[in-house]
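Here the structure comes first, spelled out in structure tokens, and everything after it is commentary.
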Amino acid sequence: MSKTKRRTLKTPAIARGAKPRLTVDVGPLLETFWTGIPVFTRRLVQALLADGRVDLSYCFNLTELPAAKVHAALTMGTGAFLRNHYEAHAYASYRPADTSAPLLYPSNKKVAGVSPREASVVHDISTLVMPENHETANVDHHMDSLAQELASDELVLCASEATQAALTTYFPSVAAKTRIMYQYVDWPEGFALMDHNLPRPELGRYAVVVGTIEPRKNLSILLHALSLPELRESDLKFVIIGKVGWLVEGFLEALTLAQRERLIFTGFVSEFVKYRLIAHAEFMVFPSLYEGFGIPALEALSLGKPVLAARTSSFPEVIGKAGVYFDPLSVTEFAAALAEIEAPARLVELTTHTRVQAAQFTPARMASPVLEWLVA
């Protein structure tokens, strides 16, 4: 197997002293508000810049973007000015991207096969694993174009071992050219001091849940558990951070008055507000039926918070010993796991593992598979 991988990822010889070139499609960075894929793209670019062994250039729609503008966007944490500059100057002063260099897509490709050497990142394939929990358009994309994207890749980067296993189950022909690319967590340096200078959120005891409110996130298990006698008397609240997705009207309408008093929906919040809500929570609850990686879990670990997570997909490899796991389809098992993580001694024990586990996910580890591809 290892010999096959070395043949698949063999690269042309590089002149001594010269850095290998790489063009990164930074289209996600043109978004105004960065969450999800834009944050992943930022971290990837910053990891490669910090390593310093690659000659980076950037593109969007196969148009080269000025490095200074991209780096300014990284500093500001928004793509608003980068997008405005692109829209005003792209056709007048921007050059076509150099497609002779290896081309890396942090997510989906708009056009496949434009460079002799391409790589892309697969974050999850839940649209194939559980299509009933996705909008038809998203399912159609994976059914219609993912195979073509993968076929044009020399390297396929997977967000976790779980994603790699699922992908190669549906597309076994790509197994030899897959590698794992783990994301890492980085909070702005000023967040800790800003939080220290503010009073604690007046929410009482609470656990935090992060993610778009949609069927795949499995929040219904929490709703059902709140009806159990052993949970009904608890004073623990649940702060749910995330925008409303699709097919959740029935979930929201079914909430009783008592349940509404235990569930606090914040909607979309800034990164700093999310930081504060996680930092002051007792622990995080992550009941999703499927995740490609589960970055909120790693965010919680980085702030010293254990995670109550579904025993599925990528959670065990990301959370490790810093979590308590349950069957995502068993309300009874969820309630038992909740009681376990709430126990003071158990919570302290889990907390000792949180930052140790989070420290395994670093910028160097994220950049590593790309460097191996380019310079091996």
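The numbers here are math on the coordinates, done by the rules we state, and not lab data. Just so it is clear, the model here is predicted, and its values are computed rather than measured. Cβ coordinates were reconstructed from backbone atoms using ideal geometry, including for glycine residues, and neighbour counts include every protein chain displayed.
Quick check on my link table: of LYS237/LYS305; LYS109/LYS217; LYS19/LYS177; LYS69/LYS110, which ones sit more than 20 Å apart, alpha carbon to alpha carbon? Before the final figure, lay out the partial values.
On the way: LYS237/LYS305 16 Å; LYS109/LYS217 26 Å; LYS19/LYS177 23 Å; LYS69/LYS110 22 Å.
Distance filter (> 20 Å) returns LYS109/LYS217; LYS19/LYS177; LYS69/LYS110.
Sort MET284, MET76 by Cβ crowding within 10 Å, fewest neighbours at the top.
On the way: MET284 25, MET76 11.
Placing the least packed residue first, the sequence is MET76, MET284.
Which net charge results when you count Lys and Arg as +1 and Asp and Glu as -1 among the other residues whose beta-carbon is under 10 Å from that of LEU30?
On the way: positive: ARG83; negative: GLU31, GLU87.
With Lys, Arg at +1 and Asp, Glu at -1, the neighbours total -1.
Under a GNM of the chain (C-alpha, springs under 10 Å), which listed residue has the highest mean-square fluctuation: GLU132, GLU253, GLU64?
Most flexible of the set in this elastic network: GLU253.
If the only charges are +1 at each Lys and Arg Cβ and -1 at each Asp and Glu Cβ, what is the size of the charge dipole of the chain around the Cα centre, to the nearest 20 debye?
Working: 36 positive and 39 negative charges, 279 e Å.
About 1340 debye.
When a footprinting reagent is the concern and you count Cβ atoms within 10 Å, what order do TRP373, TRP187 take, fewest first?
Values: TRP373 23, TRP187 17.
So the residues, fewest neighbours to most, are TRP187, TRP373.
Could you work out the local net charge near GLN360, counting Lys and Arg as +1, Asp and Glu as -1, over the other residues with Cβ closer than 12 Å to its Cβ?
On the way: positive: LYS321, ARG355, ARG365; negative: GLU317.
Taking every other residue near GLN360 into account, the sum is +2.
³J(HN,Hα) across the range 262-278 via Karplus (A = 6.51, B = -1.76, C = 1.60, θ = phi - 60°), whole Hz, x for Gly/Pro?
Per residue, the Karplus-derived 3J(HN,Hα) values read 9, 10, 10, 9, 8, x, 5, 10, 5, 4, 5, 5, 4, 4, 5, 5, 6 Hz.
Any idea what Rg and Dmax come out to for the range 81-229 if you just take the C-alpha atoms, in Å?
21.1, 67
Exposure proxy check: ARG365, ARG216, ARG205 ranked by fewest other beta carbons within 10 Å? If you can, show how the numbers build up before the last one.
Details: ARG365 15, ARG216 21, ARG205 11.
Ranked by crowding around the Cβ, least crowded first: ARG205, ARG365, ARG216.
In terms of the Cα gyration tensor, with a ≥ b ≥ c the square roots of its eigenvalues, is the range 190-358 rounded because a/c is under 1.5, prolate because a/b exceeds b/c, or oblate? Working shown, then result.
Details: a/c = 1.33, a/b = 1.16, b/c = 1.14.
Note, shape of the range 190-358 comes out rounded.
In whole Å, how far is the Cα centre of the range 31-63 from that of the range 91-109?
12 Å
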